[in-house]
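The values are calculated or read from the model by the stated rules, or taken from the named source; none is laboratory data. Treat the numbers as computed from the prediction; the structure is a model and nothing was measured. Positions of Cβ are backbone-derived with ideal geometry, glycine not excepted, and every protein chain shown enters the neighbour counts.
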Amino acid sequence: MTSIKLKFRPHRDGGREGALYFQIIHDRTVKQVRTDFHIFAEEWDRDKGCIARHPTVSDARHEELEMMRNRIAWERHRLEEVVKALEESGDGYCADEIIGRYKKSASDRYSVFEYIRRQSERMRRLGHVRTGETPDFVTQN
């Protein structure tokens, strides 16, 4: 049985963004997989283990948090698929093998279209909404 949970590590300086990471537990071995996502402590729902939904954040920050939620869901799905494949193989495996295959699958999938998608997200975050929409046309065709 493998457990995959999203965790939040607050920044030492309380006013800065902390890091989100996945905690993987397999055969009582605990490992961590870093993500590229950072949020403030008040944006974390400790009880549910996810990014909180606050009505008081700005529209831009709300969109950014929603994008993070979607990407985190995708990354969790990828981790779960790695675990599923390892379990179906019937061979024994360890937490390090889960992480190794997850990272390898990430490097295999990084294509031109992934680069364009990431740049599009970046443009939207920076407020260049119209510029950020342009790459969507490329990736949808």
* Filtering the range 67-88 down to residues that are among the charged types (D, E, K, R) and touching a strand residue (DSSP E or B) at 6+ places or on another chain (Cβ under 9 Å), which residue is surrounded by the most Cβ atoms within 10 Å (Cβ to Cβ)? -> Glu75
* **Breaking point among (1) modelled with pLDDT of 85 or more; (2) more than 16 Å from Leu6 (Cα to Cα), for Val33** => (2)
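To keep it simple, each residue is scored yes or no on (1) at pLDDT 90 or above; (2) surrounded by 15 or more Cβ atoms within 10 Å (Cβ to Cβ).
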position: Asp91; (1), (2): no, no
position: Arg101; (1), (2): yes, yes
position: Phe113; (1), (2): no, no
position: Leu126; (1), (2): no, no
position: Gly132; (1), (2): no, yes
* Which numbered condition trips up Arg117, out of (1) exposed (fewer than 14 other Cβ atoms within 10 Å of the Cβ); (2) modelled with pLDDT under 90; (3) part of a helix (DSSP H, G or I)? -> (1)
* **Residue count, the range 17-36 (criterion: without any contact (Cβ under 8 Å) to a residue 12 or more places away in the chain and not acidic (Asp, Glu))** => 1
* Residues within the range 25-49 that are closer than 27 Å to Asp96 by Cβ and of a type in the set (Asp, Glu), tallied -> 2
* Asked: His62 passes all but one of (1) touching a strand residue (DSSP E or B) at 6+ places or on another chain (Cβ under 6 Å); (2) closer than 28 Å to Arg122 by Cα; which number fails?
  -> (1)
* Please work out if Asp96 is closer than 16 Å to Met1 by Cα, touching a strand residue (DSSP E or B) at 6+ places or on another chain (Cβ under 9 Å) and either at pLDDT 90 or above or part of a loop (DSSP other than H, G, I, E, B) (or both). => yes
* **Residue list for the range 1-10, restricted to those being surrounded by 14 or more Cβ atoms within 10 Å (Cβ to Cβ) and either without any contact (Cβ under 8 Å) to a residue 24 or more places away in the chain or aromatic (Phe, Trp, Tyr) (or both)** => Phe8
* Evaluate the range 9-21: report whether one residue or more is closer than 26 Å to Met123 by Cβ and at pLDDT below 90. => no
* Asked: Out of all the residues in the range 25-65, which are of a type in the set (Val, Ile, Thr), under 27 Å from His128 (Cα atoms) and surrounded by 12 or more Cβ atoms within 10 Å (Cβ to Cβ)?
  -> Thr35, Ile39, Ile51, Val57
